[in-house]
Every structure is written in structure tokens, then in C-alpha cells.
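So the structure is just underneath, and the comments pick up after that.
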Amino acid sequence: MNALSDPTGNGGALVEARGLSKRFPLRTGVLGRREWRTAVDDVSFAIAPGRTVALVGESGSGKSTVGLMVLGLLEPTAGDVRFEGEPVAGRRGADAKALRRRMQVVFQDPFASLNARMTVAESVTEGMRIHGLNGDEAGRRAAAQALLEQVGLPAHALDRYPHEFSGGQRQRIAIARALSVEPRFLLLDEPTSALDVSVQSQVLNLLRRLQRERGLAFLFVTHNLAVVEYLADTVCVMEAGRIVERGDVAELFDAPSTETTRRLLDAIPSLDPSARRLRA
């Protein structure tokens, strides 16, 4: 495994990050000089349809900043992001609206990501209404009901409010909402970290099934390598804004080449340490 190899030569990529860097101004120092903090430094990767790239790192490693740049919500200091071969930055009007439909996000906290004043039906159909999908209100409601069934929730959930559901159920609703506009790419920002361990595997299995059925590309942002093996094809380990190691899941678990990766692997809880797939 080559820790610094760049996979962006893949001609079949749906999403491609090329040399992304981001600096934030801190304050003006002595002699009026502006001081800067580098949050992301020369990050590159490519994601093909039906595949998952995991960005893994400790808090402050820069992975969430990369996610914001991929979505076009934060402008890179250097480098660019391409979706379907076209730049993400600089889109305006109808072009920007079309991009928002094709790139969606599932946030970390299902308790905060859903509007407490909106029913499930209102949350799931809001994007359909904005993008003119599924005809009239009846058509949108029928589409929302089908989505709930796909994520394992009953049709009568449509008329209930978020506080009536468990954390795992809320995350299923958030996934249904993201899928409501028929995207091709999902940014999964720590989608299981706020859930009980017993629920995490259910949500990950749901995401994996939906990916197979719809050919979705995933960027999976997490600090927890314990959940990466369930979903990711390629893992990029970040430290201090840079990718310090990358490879497929089996390689990374069996033969980590950096201390950062070994530290993340050692943090995986296990009642049977001998059963963990760590280094030889």
C-alpha cells in the first residue's frame, strides 16, 4: 500500500477532488502580517458510481472541511472539485440548483438535522417540491411513502413528528429525505456516531443496500475505523490536513503503514482483542 498514491486518474469518477487545500485567517500578527491556519493541504481522491471512499481522522484532521469543499459549500484556497467532469465551484442559478439535487448529505446528528416542527411527510417531500419532482402533492406523498418503505419505516410514520422516533429511526428518515431528490452522490458525515452500537450496523447495512440498488457514490467522513469496514472500498487517513495513508480496507486493517492509522485501529473497542483485524 502506497500511503501517498493519488487515485484521481480514474476516468470513471463521478466525484473528483484534485489538490484541495484550505487556509483560514487567524489574526494579524506583528508588523501587520496576517497569520493563517492550514486546515487542508493537497488532498486528492476520486469516487466512482457505486463506490465508497472513507475519509478517516481524529478531530481537527481536516476531513469535515474537505466534505464542505466537495459539496461546494466552502471555497478551496487551491485545487478544485469536479462532479460528472464539471467544476463544482462557480455554478449559479439553475446550474447550482441542479447540482444541489445530485449531491446530498446525511448529517451526524439525526436529533438536530430534522426540523422538529415539520412532519416526516413535510421533511421528505420538501426537496421534491423545490425541484418539481413527482407531480402534485398526492404524487409527492406517494413517493415519500415508497421511500419510507425502502428505509424500513411504515407508511403511517409520514404524519408523525421527529420527536416520536428513536435515533436510528430519525437517521432512516434523514436518509429518505436525502434520497427524495434522486441524487447520485451522498456525503455521509459521521452518520452513525450519534447512534447506539446496536443500531449502527442496521443503518450501515441500509446504506450499503441502497448504494447497490441505486449505484450511489459515497464520501464517508468519520473518526471511527470500526464502522469503515462495513461500507468503504477505499480509505484515506488524514492527519493535520493531509492524507497520510490510503488503500483498500483489507490492506489498511492488516498492514497499516503510519502511526496515525495504528492509533485509530487501536481505538476500536473489542471484547475479544484477538478477533480484531489489526496488524499482523
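Lys and Arg at +1, Asp and Glu at -1: add these up for the other residues within a Cβ distance under 9 Å of Val88 and post the number. It would help to have the intermediate numbers written out before the result.
Working: positive: Arg82, Arg91; negative: Asp80, Glu86.
Residues near Val88 contribute 0 overall.
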Selection from Gln169, Val199, Met128, by position along the positive dipole direction of the chain (Cβ): Met128
Net charge near Asp41, counting Lys/Arg +1 and Asp/Glu -1 over other residues with Cβ under 12 Å of its Cβ? +2
Which residues qualify? For Glu239, with a placed amide H closer than 5 Å and at least 5 residues away or on another chain, they are Val244
³J(HN,Hα), Karplus 6.51/-1.76/1.60, whole Hz, each residue of the stretch 225-232, x for Gly, Pro: 5, 4, 9, 5, 4, 5, 10, 8
Within the under-15-Å Cβ sphere about Arg212, not counting Arg212, Lys/Arg +1 and Asp/Glu -1 give a net charge of +3
Just to be sure I follow: if Rg is taken over the C-alpha atoms of the chain and Rh is the Kirkwood radius over the same atoms, what is Rg/Rh? 0.99
To the nearest 10 degrees, the tilt of helix 197-214 (Cα long axis) against the first principal axis of the alpha carbons of the chain is 80 degrees
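Per 0.36 nm of contour for each residue apart, how much would the distance between Ala78 and Ala142 grow if the chain were fully extended, relative to their Cα-Cα spacing?
So the extension gain works out to 18.6 nm.
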To make sure I understand, if each residue's beta carbon is the centre and we count other beta carbons within 10 Å, what order do Met128, Met118, Met69 fall in, fewest to most? Met118, Met128, Met69
Between the helical axis of 137-150 and the dominant principal axis of the chain, each derived from Cα atoms, what acute angle in degrees is found, rounded to the nearest 10? 50 degrees
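Want the number for Thr38 to Asp95: 0.36 nm per residue separation, take away the alpha-carbon distance, what's left? Walk me through the intermediate numbers first.
Working: separation 57, 0.36 × 57 = 20.52 nm, distance 3.04 nm.
Length difference between fully extended and current span is 17.5 nm.
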Provide the FRET efficiency to the nearest 0.05 for the Ala155-Arg102 pair, computing r from the beta carbons and using R0 = 22 Å. 0.20
Placing +1 at every Lys and Arg Cβ and -1 at every Asp and Glu Cβ, with all other atoms neutral, what dipole size does the stretch 3-155 have around its Cα centre, in debye to the nearest 20? 460 debye
In terms of the alpha carbon gyration tensor, root eigenvalues a ≥ b ≥ c, rounded if a/c is under 1.5 and otherwise prolate when a/b exceeds b/c or oblate, the stretch 55-146 is oblate
Helix-only [θ]222 nm of the chain, DSSP H runs n ≥ 4, -39500 (n - 2.57) each, per residue, nearest 500: -10000 deg cm²/dmol
Can you give the convex hull volume per residue for the Cα atoms of the stretch 121-183, as a whole number of Å³? 70 Å³
Pop a pseudo-label 7 angstrom from the Cα along the beta-carbon direction at both Ser59 and Ala240 and give the gap in nm to one decimal. 2.0 nm
So the pair-distance distribution of the stretch 69-205, from every Cα-Cα distance in 5 Å bins, comes to percents of 2, 10, 19, 20, 19, 14, 10, 5, 1, 0
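Laboratory data are not the source of any read-out in this text; all were calculated from the coordinates shown. Bear in mind that the values here come from a model prediction, so they are computed numbers and not experimental data. Reconstructed Cβ throughout: ideal geometry from the backbone, glycine too, with neighbour counts over all protein chains shown.
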